[in-house]
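What follows is a single structure, written as structure tokens, with notes after it.
The values are calculated or read from the model by the stated rules, or taken from the named source; none is laboratory data. These numbers come from a predicted model, not from an experiment. All Cβ positions, glycine included, derive from the backbone under ideal geometry; neighbour counts span all protein chains shown. For the accessible areas, the whole protein counts, side chains as well, though only heavy atoms, and no ligand, DNA or RNA atoms are used. Shrake-Rupley method; radii C 1.70, N 1.55, O 1.52, S 1.80 Å.
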Amino acid sequence: ILDLLVGVHPLPILWPFSHHEIISPIGILPSAGHPSFSNYYFWRNLFIECGMLIPLFSILVMIARGDSLQTLPLKAWLLLLLGILSLLWSISLTR
């Protein structure tokens, strides 16, 4: 699912049943780039992905523990804001 959210390369989602490849028209996550300590784009994209996925999973854990949406702590709302800002940054990147 995460590879499909990148939206850069077609993926054979139904393999081995079908060799038809699917590509997402909207790339929500940035592509990873070449992993290297000196690659600026790798670190930028990693920062954006962490800014989107860590808040999402943290809020899901809070909800799974039994916190209702009305009683989520301020930390959860700040995480949600971080996730939204990271999403907007990711969408604004050129593909």
Those residues of the range 32-66 which are assigned to a loop (DSSP other than H, G, I, E, B) and either on the phi > 0 side of the Ramachandran plot or open to solvent by 50 Å² or more (accessible area, probe 1.4 Å) (or both), in sequence order: 32, 33, 34, 35, 37, 38, 65, 66
First in the range 49-61 and among the polar types (S, T, N, Q), second anywhere and at pLDDT below 90, Cβ under 6 Å, 6 or more apart: 58/79
Test: residue in the range 70-77 that is at pLDDT 80 or above, surrounded by 15 or more Cβ atoms within 10 Å (Cβ to Cβ) and aliphatic (A, V, I, L, M): no
Hey, residue 17 modelled with pLDDT of 85 or more, closer than 28 Å to residue 94 by Cα, open to solvent by 50 Å² or more (accessible area, probe 1.4 Å) and of a type in the set (Phe, Trp, Tyr) or not: no
